[in-house]
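Just so it is clear, none of the values below were taken in a lab; they were calculated from the coordinates. Source: prediction; values computed, not measured. Here Cβ is always computed from backbone atoms with ideal geometry, including for glycine, and neighbour counts include all displayed protein chains.
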Amino acid sequence: MLSEIPNTPAIRFHGFTEPWRQATFGDYGYICMCKRVMKHQTTTKGDVPFFKIGTFGGSPDAYISRDLFLSLSHNYSYPRKGDILISAAGTLGRTVEFTGEEQYFQDSNIVWLNHSGKLYNPFLKVLYSIVKWTSVEGSTLKRLYNNNILNTQILVPQFDEQRKIGDFFRQQDETIANAQMQILKLRNIKQACMDKMFA
């Protein structure tokens, strides 16, 4: 459905007519991060994966003991299942949805917005993918400071519309991921056939 209402997108799902709210991320919550883990507390093999900015969204190359994990996750900030983690250094704005598995993350380099349920996390993930961060600072290694995130302007619909949008784009992402897996499988089959036919 096309819309000409100020502060709403040109296209939106049927049944939603309320204007979107102009706000900042800071209007919805505050930035959280895990407690700092020192290098001597990590090992190359261990109980709980420890994700640094270089391994965020990939495979871990460091671990911490389960005792340390339990102590830190119970006594300091720790994400809840579904929270959208975001990289604040290196590749800015890279996101990972926290699955609830036992993992730990590198303090100020990987953060999340504690919004107390005011935002639908799949919708928040969409926002992160299109937002233009304000006042990104740094020379060689750019980073997002808490205020850069909290002061960034966003447009936000009512929660029911957030859910509709978030679920739509989550389904799109899943369809794309499944298609990419199928393409990889077909390429591997093709290569195996070629290797056997033309060896």
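Build a GNM of the chain with springs between Cα atoms under 10 Å apart, and of L119, L155, L144 the one that fluctuates most is L155.
What number, in percent, do you get for the relative contact order of the range 2-114 if the mean sequence gap of Cα pairs under 8 Å and at least 6 apart is divided by its residue count?
On the way: 182 pairs, mean separation 33.6, N = 113.
30 percent.
When the Cα atoms of the chain are aligned to their principal axes, the ranges along those axes come out at 60, 54, 34 Å in descending order. Among Q171, Q182, Q22, the largest mean-square fluctuation in a Gaussian network model of the chain (Cα springs under 10 Å) belongs to Q182. Using a Gaussian network model of the chain in which every pair of alpha carbons under 10 angstrom is joined by a spring, one finds that among N188, N75, N147 the greatest mean-square fluctuation is at N188.
For every helix of n ≥ 4 consecutive DSSP H residues, a contribution of -39,500 (n - 2.57) applies; sum these over the chain, divide by its total residues, and give [θ] at 222 nm rounded to the nearest 500 deg cm²/dmol. Please list the in-between numbers first.
On the way: 4 runs with 65 residues, N = 199.
Calculated mean residue ellipticity at 222 nm is -11000 deg cm²/dmol.
Summing charges over all other residues whose Cβ lies under 14 Å from the Cβ of T24, with Lys and Arg as +1 and Asp and Glu as -1, gives +2. The alpha carbon gyration tensor of the range 54-116 gives principal lengths a ≥ b ≥ c with a/c of 1.5 or higher and a/b no greater than b/c, which makes the shape oblate.
To one decimal place, what orientation-averaged projected area in nm² is obtained for the convex hull of the Cα set of the range 82-199? Write down the numbers at each step before the final one.
On the way: hull surface 44.0 nm².
Spelled out: convex hull of the Cα atoms, projected over all directions, averaged, 11.0 nm².
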